[in-house]
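The values are calculated or read from the model by the stated rules, or taken from the named source; none is laboratory data. All of these numbers come straight from a predicted model, not from anything done at the bench. Here the Cβ positions follow ideal geometry from the backbone for every residue, glycine too, while neighbour counts run over all protein chains shown. Ligands, DNA and RNA are stripped out before the accessible areas are found, and what is left, the full protein with its side chains, is counted by its heavy atoms. Shrake-Rupley method; radii C 1.70, N 1.55, O 1.52, S 1.80 Å.
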Amino acid sequence: MQSEKRVRESFQEMGSIIDELEHIAEKMLAVMDKQINAIVAANNEEIEKYTEEYSDLRGRFNEQEENFVEQLYQILNLPEGAEQEVQMDQLKKLFPNATSTIDEWKQLIEEQALKLKRKHNRVVDLLDFALNRNASLMHAIYSLNNRKNTHYSPGGRKEDISSGMAVNKEA
């Protein structure tokens, strides 16, 4: 009887962990929106601030993911780190009356993961675009400078980029 009570408590704890995962994921999405706005505005202080905030949230999210997996192993009565694949659908066998709740949890987790992945890809793409634009701008600036000046190599040939500017030359 005591073990059945413990399993029910573990199931309730699983719900709390999933709620916390959802809460943190929503915060992460909001911070990524702020990051995007800061990147578009080219506000370095804001970018740094929101990147740090995102990193902190990501750490909390990872902790909750680990708690989630540990709780799932505990409910299914499997040793932690077991090679056996664990899925939420396995909970339906233990809790047949909670099938709809388990399905809701599973759907919520999948939707949040998809939202986070899309938003993260958007931030990365935007940063990549900004980096490429910056590289193109620097290349254009140095190209304009090189047209005004003639530079020669030690061998007497004309060079496009003078020494000191080669740091920004694309490979």
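General observations
Okay, residues lined up against (1) surrounded by fewer than 13 Cβ atoms within 10 Å (Cβ to Cβ); (2) within 19 Å of Ala130 (Cα to Cα); (3) not aromatic (Phe, Trp, Tyr):
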residue: Ile36; (1), (2), (3): no, yes, yes
residue: Ile39; (1), (2), (3): no, yes, yes
residue: Glu45; (1), (2), (3): yes, yes, yes
residue: Tyr54; (1), (2), (3): no, no, no
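- Qualifying residue in the stretch 67-78 (condition: surrounded by 14 or more Cβ atoms within 10 Å (Cβ to Cβ) and at pLDDT 90 or above): yes
- In the stretch 126-148 there is no residue that is of a type in the set (Ser, Thr, Tyr), at pLDDT 90 or above, surrounded by 10 or more Cβ atoms within 10 Å (Cβ to Cβ) and out of contact with any Leu (no Cβ under 6 Å at 6 or more places or on another chain).
- Looking only at the stretch 76-101, and only at residues there that are of a type in the set (Val, Ile, Thr) and closer than 22 Å to Ala25 by Cβ, the one that is farthest from the chain's Cα centre (by Cα): Thr101
- Some residue of the stretch 5-12 being of a type in the set (Phe, Trp, Tyr), free of Cβ contacts under 8 Å to residues at least 40 places away in the same chain and part of a helix (DSSP H, G or I): no
- Selection from the stretch 102-123 of residues that are over 18 Å from the mean Cα position of the chain (by Cα) and exposed (fewer than 12 other Cβ atoms within 10 Å of the Cβ): Gln107
- Test: residue in the stretch 83-97 that is closer than 30 Å to Asn132 by Cα, hydrophobic (A, V, I, L, M, F, W, C) and either open to solvent by 60 Å² or more (accessible area, probe 1.4 Å) or part of a helix (DSSP H, G or I) (or both): no
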